[in-house]
Amino acid sequence: FNSGNVQTVTIAGYRAIANPSNIKAGATYVLIIRQDGTGSRTISSWGSKYKFPGGTAPTLTTTADRADVITMVAYSTDFLVCTSTLDFVVS
């Protein structure tokens with residue numbers, strides 16, 4: 001997030017989301033996760049700093065050319081409180 005608080009990634013395979021190293025307490029970050037034209041891509045794991053409701057990361061959309069939005073608020077420099085909004089048509 002050094003280059004901005006909103007980032008987009010197109011996934012083209014089975015991926016893991018690592019912990020960010022530059023969390024600023026109180027900041028809001030947005031990660032847009034887009035499926036490529038094939039779809040069926042998944043996030044295998046999230047770093048320990050991502051905290052989702054109930055302790056469970058969302059099941060992301062796997063439809064080709066769709067996107068999910070993960071909004072994160074940095075509760076501290078140690079973890080991000082995350083919510084998800086899923087299944088946007090982006091093509």
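Accessible area per residue for the chain, computed on protein heavy atoms with a 1.4 Å probe, is 56 Å². Shown for the chain: the carbon plus sulfur share of the solvent-accessible area, taken with all protein chains present and a 1.4 angstrom probe, equals 52%.
In the P(r) worked out for segment 1-53, what percent of Cα pairs fall beyond 13 Å? Don't skip to the end; give the middle numbers.
Values: 907 of 1378 pairs.
When all Cα pairs of segment 1-53 are counted, 66 percent exceed 13 Å.
Globularity index of the chain is 1.05 (Cα radius of gyration / 2.2 N^0.38 Å, N = number of residues). If both residues of a DSSP beta bridge must be in the chain, then about 60% of such bridges are antiparallel.
The values are calculated or read from the model by the stated rules, or taken from the named source; none is laboratory data. Just so we're clear, the structure is a prediction, and the values are computed from it rather than from any experiment. Areas reflect the complete protein model, heavy atoms only, side chains present, ligands, DNA and RNA absent. Shrake-Rupley method; radii C 1.70, N 1.55, O 1.52, S 1.80 Å.
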